[in-house]
C-alpha cells in the first residue's frame, strides 16, 4: 500500500484529515491547525481559477495595466473570475 503525505498549502502542516468529497468526486482535506488561514483544500483542481495563488496573479496583472480579457486569456480563466477578484480587492 502506498502512502501519500499530504501537506497544507497554507501552513505546510501535516495535521490533515479527509473532509468529504467535492461535487466532482474529488477528495477534500481539512487542516487542523487553528492558526492556518487555509481550512479546506484539494490536492488537484480542475478549474485554473480555483488554484492557490491565482488571485495574486490577477492583481499583479491589473497593476501592470492588463485588461480583463487579456488577463483571463493569459491565465486560462473566465472573465467573471477576474472581475470577481478585482471587485473583492477593491474594497
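Worth a mention:
- Residue 40 being out of contact with any helix residue (DSSP H, G or I) (no Cβ under 7 Å at 6 or more places or on another chain) and in the same structural domain as residue 14 (by TED's automatic domain parsing): yes
- Of all the residues in the range 19-40, those that are in contact (Cβ under 8 Å) with a residue 24 or more places away in the chain and either part of a helix (DSSP H, G or I) or surrounded by 11 or more Cβ atoms within 10 Å (Cβ to Cβ) (or both) number 3.
- Only residues that are surrounded by fewer than 16 Cβ atoms within 10 Å (Cβ to Cβ) and within 19 Å of residue 84 (Cβ to Cβ) were counted in the range 41-56, giving 8.
- Within the range 63-82, restricting attention to residues that are in contact (Cβ under 8 Å) with a residue 12 or more places away in the chain and surrounded by fewer than 17 Cβ atoms within 10 Å (Cβ to Cβ), the residue that is farthest from residue 28 (Cα to Cα) is 68.
The values are calculated or read from the model by the stated rules, or taken from the named source; none is laboratory data. Note that this is a predicted model, so its numbers are computed, not measured. We place every Cβ from the backbone using ideal geometry, glycine too, and count neighbours over all the protein chains shown.
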